Amino acid sequence: SWFGLGGGSQQQAGRPPSGSPDERLLVSQQMLEVEMMQDLYNRVMESCNTKCVQPSYNDTELTKAEAVCIDRCVAKYMELHEVVGNKLQQISQQQSDTAAKAAAAVQQSGAARPTGS
Amino acid sequence: MSAQSPASMSLMEQELNQAQIREIFTSFNRSHQRCFTDCVNKFDRRSVSDSEKNCVANCVAKYMNTTQRISMRFQEHQAMITGGGAVAQGQGK
């Protein structure tokens, strides 16, 4: 998963005892991922419906063009899921690097300056 | 995210942690959808083109900047409302 929550391999190995706080935390973390996937599902649904299906309802069946569009739309959406994830990781990495540098700089300047206020 | 064991985290801390993670996930999905909508308009093939990838990457970065700015202003307003008063007002630009 993107955020290292409840990783599959972790589950099989040292599984926490049933009902323990550790297990409850693991379960709630995993539920968050489930929620996220459900949300993702709903958004793909909405997006590809909007992009591919024209709002003129003379017929109930999908045209071949609509069907092909939907297939490609879902494929593209899921491919971009990874692109977005990588970009977000990159951005948050940059931000935490900047924050870490700023914190280090503050500490250094604080140490150098004599205290006396 | 806190690395404390659940036993040492209060229930409130755990719930707040959850809410924060949920918010991050939702934001991720929202930016994905927004950028997909704005950047991908042709379905002549299955794979994503380089220009689409660029567009999405830029869009995501812009989205992050936007949400951060909005979040900042929102917090300033919250502070004003909840009685930060004159102190908080000086922060706005």
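Read-outs: derived from the displayed coordinates by stated rules, not from any lab. The structure presented is a predicted model; accordingly, all values stated were derived computationally and were not measured. Neighbour counts run over all protein chains shown; Cβ positions are idealised from the backbone, glycine included.
Give me the net charge of B:Ser47's neighbourhood, meaning all other residues with Cβ under 11 Å from the Cβ of B:Ser47; Lys, Arg count +1, Asp, Glu -1. Could the numbers behind the result be given before it?
Values: positive: A:Arg72, A:Lys76, B:Arg45, B:Arg46, B:Lys53; negative: A:Glu79, B:Asp44, B:Asp50, B:Glu52.
That works out to +1.
Roughly how many nanometres apart are two label points built 7 Å out from the Cα toward the Cβ at B:Lys42 and A:Ala111?
For the pair B:Lys42/A:Ala111, the computed spacing is 5.6 nm.
Taking 0.36 nm per residue of separation and subtracting the Cα-Cα distance, what length does fully extending B:Arg73 through B:Lys53 add?
Separation in residues times 0.36 nm, less the Cα-Cα distance, equals 4.2 nm.
Within a Cβ distance under 15 Å of A:Gln89, other residues only, what is the Lys/Arg minus Asp/Glu net charge?
On the way: positive: A:Lys87; negative: A:Glu82, A:Asp97.
Result for the neighbourhood of A:Gln89: -1.
Quickly work out the A:Gln38-to-B:Met9 label distance, labels modelled 7 Å from Cα along the C-beta direction, and quote it in nm with one decimal.
Calculated label separation equals 2.1 nm.
Step through the residues of region A:96-104 one at a time and calculate ³J(HN,Hα) from phi using the Karplus curve (6.51 cos²θ - 1.76 cosθ + 1.60, θ = phi - 60°), rounding each to whole Hz and writing x for Gly and Pro.
6, 5, 4, 5, 5, 5, 4, 4, 5
Could you bin all the Cα-Cα distances of region B:6-89 into 5 Å bins starting at 0 and give me the percent of pairs in each, rounded to whole numbers?
Pairs per bin, as whole percents: 3, 12, 13, 14, 13, 13, 12, 8, 6, 4, 2, 0.
What is the dipole size for region B:6-89, taken about its Cα centre, with +1 at each Lys and Arg Cβ and -1 at each Asp and Glu Cβ, in debye to the nearest 20?
So the magnitude is around 340 debye.
Determine ³J(HN,Hα), in whole Hz, for all residues of region A:76-85 in sequence, where each value follows from phi through the Karplus function 6.51 cos²θ - 1.76 cosθ + 1.60 and θ = phi - 60°; x replaces Gly and Pro.
5, 4, 5, 5, 6, 3, 6, 4, 4, x
For peptide B:56-64, compute the average count of partner chain beta-carbon atoms within 10 Å of each residue's beta-carbon.
Numbers: counts 5, 7, 1, 2, 9, 5, 0, 4, 5.
Other-chain Cβ atoms within 10 Å of each residue's Cβ, averaged: 4.
I'd like the mean, over residues of B:20-26, of how many other protein chain beta carbons sit within 10 Å of each residue's own Cβ.
For peptide B:20-26, the averaged partner shielding equals 5.
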